[in-house]
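Please read the structure below before turning to the comments.
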Amino acid sequence: MSVRITFLGGLGEIGRNCAAIEIEGKICLIDVGLMFPEEDMLGVDLVFPDWSWLLERRQDVEFVLLTHGHEDHMGALAYFLRDINVPVYGTKLALEFCKGRIEELGIEAQLHAVDYDEWKKHGPFRFRLIQVSHSVPDAAGVAFDTPEGIVVHSGDFKLDPTPIDAKPTDLPAFAELGKQGVRLLLSDSTNAERPGFVPSESSLADPIRDIVRDAPGRVIAACFSSHIHRVQQIADAGIDTGRKVAFFGRSMHRNTEVGLDLGVLNLPKDKVVDIKDLMDLPAHQQLLITTGSQGEPFAALSLMAQGRHRFVDLEDGDTVLISATPIPGNETAVSRVISRLTRRGARVFHGRNAPVHVSGHAARDELLTFLNVVRPHAFVPVHGEYRHLHAHAELARKMGVPKVDVLEDGDAVVLDGDRTMVERRAVPAGYVYFDGAGVGDVKRGVLRDRSRLADEGVVVVTVGIERSSGSIVFGPDLDSHGLMDDPDAILQKAAEAVRAEVERRASDGSFDHSAMQNAVRQAAATVIRAETTRKPVILPVVLDV
Ligand SMILES: [Zn+2]
Ligand SMILES: [Zn+2]
């Protein structure tokens, strides 16, 4: 009875983590994450895994299992449930974090909270969540007891010995499985290139407290709203140094409320105030914890940086603490926000100039320790760009793991008796773009056009042609946007080329509208490319009159 694991995303990029484990023809999805667009994906809000092949097999999809409540693991879940509504299992907090989008889409989801260490049965699956420490509370690795042996997925993890909630990665549980024999391990590769150990979350307590204590005026701190422990540390620093705390941003409000409800965030009630009340206090008693650590254009921090925030007008003496590193694709936006905040007189502390952030992903020595504890028969690195997967595979080979394979999105690994087989390109795994209007509406060609519009500009060529004679009635007029500062001479030249081309075709005596449009585009493009080496989007408007 073979077991098959197909990777829909996360192997080749940081984001859209999604894997399908298949037993007896039934499928469980491990995570359904999204990816934030890279800088060349213009106008795209989100990138999803391609689950189109599952639509044809919807009867076989049994359930979704979430490892934790990060967007790259559950951000596409609501959209997936809209297509295939199956039960979802995960820790209580992970499920709470999903609820917002599920409710927004009006989906009746069946969410089942699972405690660590209880074996659950669903269809042919037996699985259990195992506690791991990460940059969100209540994160989990998962073990499947399959007909082909135990399959372990690490989830996102680090081996922080002193996490804020005193719930470190449950190495004894993993070791127990290792002793029984783990057939296959899938493990987080994000920091496989980074030597040593990642510092503990609690190592940030002192540096953050120092910054908040020494701040002469207001403190505005930005971090991921799901990083409840970071929020806790920043809030503690403020409260301990005589400040009150207000939260700002939709997800910050939502997630801190969930955190307070579930008891993963602990704050004295009288220390938390509304933002309007906070602004009435003397500056040195204010601590604002907000969203926007990724430079998102409409998040609070960006608006403050542009002087467009409803409540906060930055001034000299303000201190801004960005307690996060930009995820890939957001570097430029974050850098721009830091510059603007600085120009407005704020002192800005961030991961590059102060010890105010630690990663949530295990570095090399932690990964080696983990491999040594689990001692799998076969290993597939997950969660990373190709270079990270490759580096992680090298570590496993060094550890003497018998079977190590680097897979990519769309590949599958099949466990069958003694054999571990890799199937390349088992399913389609291209990026599915979501631009706010619809999923999958944006094709690669459209992205190429958008990117050229931004980089190279656009040229509109208008020409009126008399159908009967083929002679030019008006134009060609060329109009450009974003091509260059003073395009007149080049547009003039291009217009002449277009005119010559139209006249040449007119003498043929044939008039084919779309052929004429193409000819006009070609003629203009040839001149512009030769004169400027640029490739603007050229829109031919041919009118027959
Ligand atoms: Zn994560
Ligand atoms: Zn992740």
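Considering only residues in region 170-194 that are more than 24 Å from the chain's Cα centre (by Cα) and part of a loop (DSSP other than H, G, I, E, B), the one that is nearest to Ala363 (Cα to Cα) turns out to be Asp170. Within this structure, Thr325 fails the test of being among the β-branched types (Val, Ile, Thr), open to solvent by less than 70 Å² (accessible area, probe 1.4 Å) and modelled with pLDDT of 95 or more.
Lys167 meets the conditions (1) crowded, with 20+ Cβ neighbours inside 10 Å; (2) within 16 Å of ligand 1 (Cβ to nearest atom) in every case but one. The failed one is (1). Checking each residue in region 370-391 for being in a helix (DSSP H, G or I) and open to solvent by less than 50 Å² (accessible area, probe 1.4 Å) picks out Phe370, Leu371, Val373, Val374, His388, Leu389, Ala391.
Out of the residues in region 504-515 meeting the condition of being part of a helix (DSSP H, G or I) and over 18 Å from Val541 (Cβ atoms), tell me which one is modelled with the lowest pLDDT. In this case the residue turns out to be Asp508. Answer with yes or no whether Ala175 is within 16 Å of ligand 2 (Cβ to nearest atom) and under 24 Å from Gly90 (Cα atoms). Considered against the rule, which asks whether it is within 16 Å of ligand 2 (Cβ to nearest atom) and under 24 Å from Gly90 (Cα atoms), Ala175 comes out as no. Of all residues in region 185-192, none satisfies being modelled with pLDDT of 95 or more, more than 16 Å from ligand 2 (Cβ to nearest atom) and open to solvent by 10 Å² or more (accessible area, probe 1.4 Å). Identify all residues within region 172-208 that are farther than 25 Å from Ala354 by Cα and touching a Ser or Thr at 6+ places or on another chain (Cβ under 8 Å); write none if there are none. The answer is Arg183, Leu184, Leu185, Leu186, Ser187, Asp188.
In region 432-468, the qualifying residues are those that are open to solvent by 60 Å² or more (accessible area, probe 1.4 Å) and assigned to a loop (DSSP other than H, G, I, E, B), and the one that is modelled with the highest pLDDT is Glu466. Ser335 - would you say it is surrounded by 17 or more Cβ atoms within 10 Å (Cβ to Cβ), within 27 Å of Gly15 (Cα to Cα) and more than 16 Å from ligand 2 (Cβ to nearest atom)? It is false that Ser335 is surrounded by 17 or more Cβ atoms within 10 Å (Cβ to Cβ), within 27 Å of Gly15 (Cα to Cα) and more than 16 Å from ligand 2 (Cβ to nearest atom).
Within region 20-29, is there a residue that is within 16 Å of ligand 1 (Cβ to nearest atom), under 17 Å from Val382 (Cα atoms) and not in a loop (DSSP other than H, G, I, E, B)? Within region 20-29, not a single residue is within 16 Å of ligand 1 (Cβ to nearest atom), under 17 Å from Val382 (Cα atoms) and not in a loop (DSSP other than H, G, I, E, B).
For Asp145, the conditions (1) open to solvent by less than 40 Å² (accessible area, probe 1.4 Å); (2) of a type outside the set (Lys, Arg); (3) in a strand (DSSP E or B) are fulfilled apart from (1).
Within region 107-164, take every residue that is among the charged types (D, E, K, R) and within 16 Å of ligand 1 (Cβ to nearest atom) and give me the one that is farthest from Asn17 (Cα to Cα). Among them, the one singled out is Asp160.
Listed by position, the strands (runs of 3 or more DSSP E) inside region 55-130 whose residues that are crowded, with 20+ Cβ neighbours inside 10 Å and not acidic (Asp, Glu) number at least 3 are 61-65, 88-90. The set of residues from region 156-176 being at negative phi and aliphatic (A, V, I, L, M) comprises Leu159, Ile164, Leu171, Ala173, Ala175.
Taking every residue in region 135-149 that is within 24 Å of Val198 (Cα to Cα) and pairing it with any residue that is of a type in the set (S, T, N, Q) and in a loop (DSSP other than H, G, I, E, B), at least 6 positions away or on another chain, the pairs with Cβ-Cβ distances below 6 Å are Val136/Ser226; Asp138/Thr91; Ala140/Thr67; Ala140/Thr91; Gly141/Ser154. Taking region 222-322 as the region of interest, the helices (runs of 4 or more DSSP H) fully inside it that hold 1 or more residues being hydroxyl-bearing (Ser, Thr, Tyr) are 250-262, 300-305. Scanning region 202-232 for residues that are closer than 23 Å to His253 by Cβ and over 25 Å from the mean Cα position of the chain (by Cα) yields Ile208, Val212, Arg218, Val219. Which is at pLDDT below 95 and surrounded by 15 or more Cβ atoms within 10 Å (Cβ to Cβ), of Gly317, Gly292, Gly307, Gly360? Selected residue: Gly292, the only one of Gly317, Gly292, Gly307, Gly360 that is at pLDDT below 95 and surrounded by 15 or more Cβ atoms within 10 Å (Cβ to Cβ).
The values are calculated or read from the model by the stated rules, or taken from the named source; none is laboratory data. None of the values given here were measured: they were computed from a predicted structure. Note that each Cβ is placed from the backbone with ideal geometry, even for glycine, and that neighbours are counted across all protein chains shown. Side chains included, ligands, DNA and RNA excluded: accessible areas come from the protein's heavy atoms. Shrake-Rupley method; radii C 1.70, N 1.55, O 1.52, S 1.80 Å.
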